[in-house]
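See structure below.
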Amino acid sequence: MTNTHDLLIEIGTEELPPKALKTLSNAFTDSVTSQLGDQALTFSKVKSFATPRRLAILLSDLAETSPDKELEIWGPPVKVAFDDAGNATNAALAFAKKNNINADNLSQHIDNDGKQDKLCYRSTAKGSDTKNLIAGIIDTALQSLPIAKRMRWGSSRTEFVRPIQWLAIVFGEEVIHETIFELRSSNVSKGHRFHCNRELCITSASSYESILREQGKVIADYDLRQQMIRDQITAIGLSLGGHTVISDDLLDEVSSLVEWPVALAGSFEERFLKVPPEALISSMKEHQKYFHVVDSNEKLMPHFITVSNIESRDPQKVIDGNERVIRPRLSDAAFFYETDCKTSLEQRREKLRTIVFQDKLGTIYDKTCRVSSLSADIAELLNADKNNARRAAELSKSDLVTEMVLEFDDMQGIAGYYYAQNDGEVNDVALAMNEQYMPRFAGDNLPSTMTGTILALADRLDTITGIFGIGQIPTGSKDPFALRRASLGILRIIVEKNLTLDLKTLVDLAIEKHDKFAGNTKLSETVVNYILDRLRAGYEDQGISAEVFLAVNAKQLSSPLDIDHRIKAVQTFNKLPEAGALAAANKRVSNILAKVDEQIVAEINSDLLQEAAEVTLAQQLSLQKEKVEPLFAVADYEGGLKSLAALQTAVDDFFDQVMVNSEDDALRKNRLSLLKQLQSLFLEVADISLLVVSK
């Protein structure tokens, strides 16, 4: 049985970029374990470590050697390897030389590969020592890390994300000495930069984590360190009488900035709470990496929590220092807010005339004019307040020229909401200043007001039609105006807010506002198709097959809500036991009708119904038509398709017992009309013949 040992690999560096630390650690671990797998080297478990100054991996019970390999090398067929006299040919001699076989013994190396007798050489390749493979595995792993921009240091030509300072490799208790990235490996690590700024001897691979923690004041386990931070800041928030707001991205970043986390609470003056809380939170989070605290009503409290990388003997000094740092930033936010409130959004709108939206599409001011007119049109379609929609659109971009947004770009829209409130605008208009950007990302909230909903649609439609109009259609990964995201936003808003809006109508209205594109039907068709194309991936994410989407898409509809209802109805129908047979029957009907040259109408002459099966089908079709027409009229597609599923037996009997292409022309046409009526009933919802999966 192969002996096993734990293997530690540690790469010590200058401070790694915090937002990339988790990605780098995962990629390093994945590469090492994948390469070990390629060598058939087994281990019981793997543990990753990542701190600002190190990437490390501990493999438990790693085999000392890779397993022996049984080699099987086939040579030429016997009839080629030997002549009629039984002498080895040149082909056989070449095979013998290549595999170091005595030519006189070639006859001992004949075997059958299942088809014919051939020369075959079998041998056992001795497994490699793990120690001899480690350097190559590490080098490959480091070279393959996803590093956007590598750097060099000193006179070295080596490139990495940050300068490498030390390299430790310990196999069991044995130190592995290798040169990687021009550094000689050892069993020496380093402790915390301030608490233990010295070398640490790693006596065994398994003792790595405990040595760093107990001697080096380093919590090397990323997940453990993150949980410590979460626990500490949660407890502090409760002690302050509120609770800490923990965003995953900030927690990840802070966890990647410290090796020995110590959470501390600081405070700021209550006068700053008059400033929009989002601005204060942005200052604390983005610039200082502080967590904020809210009360039971989710209102911001005058406290912050910082995570220090040192355990100070006088923590109050650390707190005082952080309070001194944050105060000027909060003062700036307060100054910007107070200054901005002196000028209304209406007054600021004129400044938008100097800001270009897109060279061929005019200024931001021009955009607000187009969006205002389009918003009023959409409001009319929805029987909503046109004045609110128009007003919100006019003011929608005015906060772009405020001091607050110029300093904190993530306040775009949010600042507009507070300034609209300050200006005395109606609540719907104020809320729309921020809601116009919703949803900002997948899974984000949708606008809560009708005015915000209309503005969100109008703004996106104006951008998409304009950019398409000037020919800047997204290609590949290039989408500078985020038209894919805008399209998904439009679809989500219409579907999830149950808006009975036709996309083609909306696009045509948006195109009209761009005078140079007005009446461009090709542009309209292109934009509508582009937006609707975003639907397919969304439905696939919900587990809806491509066949279901294509069945509905064959109808060439342009109302997203109606399309959604149909797709969900067809998805439900497709799970019924009758669905497969009916889909196949409709496929057969489509093929039959496609081969007919003359025009076939769906009107049946009952006098020409001869066979019992066609009489039954005609009766069933008549009955179903009466049942489903009222259902389809109110868009109850699911109910209609469930009812039509009852046709399966009649349809199957018809195809089993009736000859469609009768020699009697009248009978043939009447039976084709019967099939046309069957097809038409299902086509009210979708082309279910497309549910038959292509083989």
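The values are calculated or read from the model by the stated rules, or taken from the named source; none is laboratory data. Since this is a predicted model, take the numbers as computed values, not measurements. Note that we place each Cβ from the backbone using ideal geometry, even for glycine, and neighbour counts take in every protein chain shown.
Filter segment 545-562 down to residues that are under 21 Å from Ser590 (Cβ atoms) and in a helix (DSSP H, G or I) and give me whichever is nearest to the chain's Cα centre (by Cα). The qualifying residue nearest to the chain's Cα centre (by Cα) is Ala546.
Give the residues of segment 320-371 that are in contact with a Gly (Cβ under 9 Å, 6 or more places away or on another chain), in a loop (DSSP other than H, G, I, E, B) and basic (Lys, Arg), sorted by residue number. Once the filter is applied, which keeps residues that are in contact with a Gly (Cβ under 9 Å, 6 or more places away or on another chain), in a loop (DSSP other than H, G, I, E, B) and basic (Lys, Arg), segment 320-371 yields only Lys360.
Each row is one residue, and each column tells you yes or no for (1) over 27 Å from the mean Cα position of the chain (by Cα); (2) at negative phi; (3) not β-branched (Val, Ile, Thr).
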| position | (1), (2), (3) |
| --- | --- |
| Leu374 | yes, yes, yes |
| Ala392 | yes, yes, yes |
| Thr453 | no, yes, no |
| Gly476 | no, no, yes |
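Considered as a group, the residues in segment 606-639 that are touching a residue at least 60 places away in the same chain (Cβ under 8 Å) and closer than 17 Å to Glu663 by Cα include one that is surrounded by the most Cβ atoms within 10 Å (Cβ to Cβ), and that residue is Glu614. With a requirement of 3 or more residues that are closer than 28 Å to Phe49 by Cβ, the strands (runs of 3 or more DSSP E) lying completely within segment 218-308 that satisfy it span 262-267, 300-308. Screening Ala141, Ala148 for residues that are closer than 24 Å to Thr65 by Cβ and either of a type in the set (A, V, I, L, M, F, W, C) or assigned to a loop (DSSP other than H, G, I, E, B) (or both) leaves exactly one candidate, Ala141. With respect to the conditions (1) buried (at least 21 other Cβ atoms within 10 Å of the Cβ); (2) in contact (Cβ under 8 Å) with a residue 60 or more places away in the chain; (3) assigned to a helix (DSSP H, G or I), Asp410 lacks only one, and its number is (1). Which condition does Gln358 not pass, out of (1) closer than 29 Å to Thr505 by Cβ; (2) at pLDDT 95 or above, if it passes all the others? Tallying (1) closer than 29 Å to Thr505 by Cβ; (2) at pLDDT 95 or above, Gln358 fails exactly one: (2). Of all residues in segment 63-103, those satisfying the criterion of being assigned to a loop (DSSP other than H, G, I, E, B) and either under 30 Å from Ser44 (Cα atoms) or touching a residue at least 24 places away in the same chain (Cβ under 8 Å) (or both) are Glu64, Ser66, Pro67, Asp68, Asn99. Take Ala602 and decide whether it is closer than 30 Å to Asp564 by Cα, over 44 Å from the mean Cα position of the chain (by Cα) and surrounded by 14 or more Cβ atoms within 10 Å (Cβ to Cβ). Here the answer is yes, as Ala602 does meet what is asked.
Per-residue answers, yes or no, for (1) hydrophobic (A, V, I, L, M, F, W, C); (2) assigned by TED's automatic domain parsing to the domain that holds Leu59:
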| residue | (1), (2) |
| --- | --- |
| Glu174 | no, yes |
| Ile180 | yes, yes |
| His195 | no, yes |
| Ala205 | yes, yes |
| Arg230 | no, no |
| Asp249 | no, no |
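Being within 23 Å of Arg313 (Cβ to Cβ) and of a type in the set (Val, Ile, Thr) narrows it down to one of Val245, Val262, so name that one. So the residue among Val245, Val262 that is within 23 Å of Arg313 (Cβ to Cβ) and of a type in the set (Val, Ile, Thr) is Val262.
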